[in-house]
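Enquirer: Have a look at this one.
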Amino acid sequence: MNIIRALVLVGIAALSTTVSAVNAKANPPAKLSIKQAQSIALDIAPGVVVDAEYEQESGAWRYSFDIRQGQRIHEIGVDANSGKIVEDSYEALDAKD
C-alpha cells in the first residue's frame with residue numbers, strides 16, 4: 001500500500017513538473033509587466049479596462065486591453081517586449097469577439 005502511495009505521489013510530482021514546463025513555453029516572460037503595458041494603453045485610450053490578456057498573435061506576444069469609453073470598447077494591443085502599440089481599434093459595446 002505504501003509503495004502505491006509513493007508511486008502515485010511521484011507520478012503527480014512528475015505531471016506537475018511537466019505542466020509547469022509546458023506553461024512556461026506557452027507563455028514566455030515579457031519585458032513589460034501588465035501594469036506597465038496597461039499604463040501605455042490608458043495613455044492612448046483613457047477609460048476603464050474591462051478585459052486584459054497576455055496573448056500570442058501573429059507570432060508575437062502582446063497585452064490586449066479592452067477599454068470602455070462610453071458606449072464603445074477601444075481595443076489597444078501593446079507589444080509585450082517593446083511597448084509599441086500593435087492594435088488600436090474600436091468596437092460596439094455589445095460586439096462579440
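Every read-out reported here was derived from the displayed coordinates using simple, explicitly stated rules and does not represent laboratory data. Computed from a prediction, not measured in an experiment: that's the story for all the values here. Neighbour counts run over all protein chains shown; Cβ positions are idealised from the backbone, glycine included.
Enquirer: Which of Gly59, Ala45, Ile73 sits farthest toward the positive end of the charge dipole of the range 31-97, with +1 on the Cβ of Lys and Arg and -1 on the Cβ of Asp and Glu?
Expert: Among Gly59, Ala45, Ile73, the one farthest towards the positive end of the dipole of the range 31-97 is Ala45.
Enquirer: Report the extension gain between Ala95 and Val50 in nm, rounded to one decimal, defined as 0.36 nm multiplied by the number of residues separating them, less their alpha carbon distance.
Expert: That pair, Ala95 and Val50, stretches by 14.8 nm at full extension.
Enquirer: Please report Val50, Val78 as a ranked list, fewest other C-beta atoms within 10 angstrom at the top and most at the bottom.
Expert: The order, fewest Cβ neighbours first, is Val50, Val78.
Enquirer: Can you list, bin by bin at 5 Å, the percent of alpha carbon pairs in the range 31-97, starting at 0?
Expert: The calculated distribution, bin by bin, is 4, 20, 32, 23, 14, 5, 1.
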